[in-house]
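No value in this document is a laboratory result; all are computed from the given coordinates. Model, not experiment: these values are computed from the prediction. FYI the Cβ positions are ideal-geometry reconstructions off the backbone, even for glycines, and counts take in every protein chain you see.
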Amino acid sequence: MDGKGRWVDNVFVERRWRSLKYEDVYLRAYETPTELRAGLRRYFTFYNTQRRHSALGRRTPEAVYFDQASHELVA
């Protein structure tokens, strides 16, 4: 995973942190660690259950996960 030429390994994580910062942290300017923690919890809940992702066919990560899990239970 590390080494020269392996930038692609980290691109998805970096993209998620960029989304988090631009969609939540920079807009809200949390003043305390407690506020930040609550805000991050709220954002990640939104990100996984309500925010639609173009890479997932405009579906939420939760919908994709539970759809795959139900197919595995049937098989």
How much length is gained if the chain between TRP17 and ALA63 is pulled fully straight, taking 0.36 nm per residue apart and subtracting their Cα-Cα distance, in nm to one decimal?
14.4 nm
With N set to the residue count of segment 7-53, report its C-alpha Rg divided by 2.2 N^0.38 Å to two decimal places.
1.24
Packing rank of 15-21, 29-35, where each peptide gets the mean count of other beta carbons within 10 Å, highest leading
15-21, 29-35
